[in-house]
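Presented below is the structure to which this report refers.
Computed from the coordinates by the stated procedures, all read-outs in this text should not be read as laboratory data. Since the structure is predicted, the reported quantities are computational estimates derived from the model, not experimental observations. Quick reminder, even Gly has a Cβ in these numbers, built from the backbone with ideal geometry, and neighbours come from all protein chains shown.
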């Protein structure tokens, strides 16, 4: 039985398709023959004329029964038309523009589009009703309302804006964000920032909402409220930006300078201050250096366990120039690298002094030689 029903269904569809393919005649149609409109509104209705397997048809056009005070016109390519010429298999798409008076009362208002020619008269009845219409309505949706990143991250939310009313709207875009946060709206696939957006009745548009935190935003969850507003219609949604924070280190000496002194062949302490100006703790900060050949640099401590945001740690660098170093200025690079962030490097100018011991010894030898010479002269001069 089921098999027989299936065969009959297939045969019925084949016959229907065959009838449609063999149809002959002229057709005047519209997808929406009855519409509800507002008083004072101008509406555009799509009107279609088609020639199915008929000789060329020259058709005169008119609109009958237009209510008093109303205006109706048939447009083709933006111009008023009074006739069309349809070749076999041809079609024309027209627009019926109807302007309703502001004082029109509630009720049904019929009118008829007439196409006459080729021995035929085609009539298309229409009804426009003045009555209750949908109030302006907007809808906002977001794919991912919660995003996570650092203070340098630009949070991008893909938002969908829909006009759920039967009228075109000019929509204003607003954002309520924490202090220091910057919020911009961009249409999909565009770099242009917008604050208003035209949205046609029933249309949906995609937006990119870009949120930029301040550079030193503290770690935390920040709400951003986005609102679309057009007259009395509005829609809102809440986005969240989770800022994880990051450490930001600076290195200076205890007195704030980037220089120091040392003696050739001797270890000299240099007090360093490692400060965290970032929004997250710096974990396991390791100290390292790059110094001239033959030098030694040791840190105490070598690793700082943690530096909280806004806090600092003191480290002693024992700098020992080469014993063969000559007096002058040298550059030593000191680097602080946290386990959870980027490293910071600073160049310190180290002025090297040579030891004065051999100078003292030399002066002593010269003095001793002079004494010996004087004694010799005195002794031999007496003889």
Of the convex hull drawn through the C-alpha atoms of the chain, the volume per residue in Å³ is 332 Å³
Quick calc of log₁₀ I(q)/I(0), region 22-130, Debye, one scatterer on every Cα, no solvent, q values 0.09, 0.16, 0.18, 0.22 1/Å, result -0.24, -0.70, -0.84, -1.15
Taking R0 as 51 Å and r as the Cβ-Cβ distance between residue 342 and residue 204, the FRET efficiency 1/(1 + (r/R0)^6), rounded to the nearest 0.05, comes to 0.75
Output for region 180-292 (equivalent-ellipsoid semi-axes, sqrt of 5λ from the C-alpha gyration tensor, Å, descending) is 53, 14, 11
Of all DSSP beta bridges having both residues in the chain, the percent classed as antiparallel (nearest 5) is 90 percent
With region 249-353 reduced to its Cα atoms and the Debye formula applied, log10 I(q)/I(0) at q = 0.19, 0.21, 0.24 1/Å amounts to -0.86, -1.01, -1.24
For the chain, longest principal axis from Cα atoms; helix 2-21 axis from its Cα atoms; angle between them, nearest 10 degrees, is 80 degrees
Note to self: C-alpha centroids of region 161-183 and region 206-230 sit apart, in Å, by 13 Å
Region 248-283 and region 58-118 have their Cα centres apart by a whole-number Å value of 85 Å
For region 287-341, averaging the sequence separation of alpha carbon pairs under 8 Å that lie six or more residues apart and dividing by its residue count, the contact order in percent is 50 percent
So the angle from the long Cα axis of helix 357-382 to the longest Cα principal axis of the chain, reported in degrees to the nearest 10, equals 20 degrees
Percent relative contact order for region 138-243, counting Cα pairs under 8 Å at least six residues apart, stands at 37 percent
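How high is the relative contact order of the chain? Use alpha-carbon pairs under 8 Å, at least six apart in sequence, and give a whole percent.
11 percent
Provide the packing ranking of 141-149, 210-218, 246-254, i.e. peptides ordered by the mean count of other C-beta atoms within 10 Å per residue, highest first. Walk me through the intermediate numbers first.
Values: 141-149: 13.2, 210-218: 17.3, 246-254: 18.9.
In decreasing order of mean packing, 141-149, 210-218, 246-254 become 246-254, 210-218, 141-149.
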Taking 157-164, 64-71, 227-234 and ranking on average Cβ neighbours within 10 Å, highest first, one gets 157-164, 227-234, 64-71
